[in-house]
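Visitor: Here it is, the structure, as structure tokens.
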Amino acid sequence: MAIGARITPVTGVLWIDRDSAAGRQREARFTTVPNDEEPPKPPTPWARTQAEISILLEKAGVLDTHFSFIQSRGMLILQFPCPVTMDGRVAQMGIRLVISGVDPKNRDAKHQQLMVYLKNKLEAVNSGLVTLIQEFFPYIVVPGPSGTTVTMYEMLSTQLADGLRDGRIRQPELFPTGSKAPSAPLATEAPSPSPGSSPTPA
């Protein structure tokens, strides 16, 4: 059916009950309207979307990407090194994005949502509004307590929340007590899985 064409309802008779003695007739009528809407397309398979994300990031200068799917915790993790130019040299900062609420049923859709999110962020980078490291700053991986790693958002949001609770916003601590400043460019590292589970390639 052409777009904009008028939909004509179809009316029919389902049954007829005649009472010849009384001269009455009852009819049950029905009306149907043709449905010209196409059925929704299924989401792109997650494996294909992962490849498209890797190509997208490669165009932005990111040569290595790593996906993990921790099904027991419903987590999809994307990690990659982000090139940063400092004093004429290129360093690599680890970037980690964690998507929660992922399961085998919505895995395709979650990958598609991540793809759209990354496209929008890289569009801002390509247009010159921000740099790559500025756009992904919340996801930079830094040392955390007890030898773990956290993202900048995870570390600073905790400190900000503490300051808001007691009414005193303090200068953020980049390497809080118990953490160790790195002596080399930071590498990406997945969050430690719960006991009895292990990360699997997404």
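Visitor: From a point 7 Å beyond the Cα of H66 in the direction of its Cβ, which residues of the stretch 91-110 have a backbone N at a distance under 17 Å?
Guide: Residues passing the 17 Å test: 92-99.
Visitor: Using the Karplus curve 6.51 cos²θ - 1.76 cosθ + 1.60 with θ = phi - 60°, work out ³J(HN,Hα) for each residue of the stretch 49-60 in order, rounded to whole Hz, and write x for Gly and Pro.
Guide: Running phi through 6.51 cos²θ - 1.76 cosθ + 1.60 with θ = phi - 60° gives 5, 4, 5, 5, 5, 4, 5, 4, 5, 4, 5, 8 Hz.
Visitor: For the stretch 47-99, what does the convex hull of the Cα positions come to per residue, in cubic angstrom?
Guide: 70 Å³
Visitor: Something else about it: Over the stretch 45-160, what portion of Cα pair distances is larger than 17 Å, expressed as a whole percent?
Guide: 59 percent
Visitor: Can you pull the percent of the stretch 81-128's accessible area that's carbon plus sulfur, 1.4 Å probe, other chains left in place?
Guide: 51 percent
Visitor: While we're here: Could you tally the net charge around F136, taking each other residue with its Cβ under 12 Å from the Cβ of F136, Lys/Arg +1 and Asp/Glu -1?
Guide: Local net charge: +1.
The values are calculated or read from the model by the stated rules, or taken from the named source; none is laboratory data. This structure is a prediction, so every number in the text was calculated from the model and none was measured. Because the Cβ atoms are built from the backbone with ideal geometry, glycine has one as well, and the counts that use them run over all protein chains shown. With ligands, DNA and RNA removed, areas are computed over all heavy atoms of the protein, side chains included. Shrake-Rupley method; radii C 1.70, N 1.55, O 1.52, S 1.80 Å.
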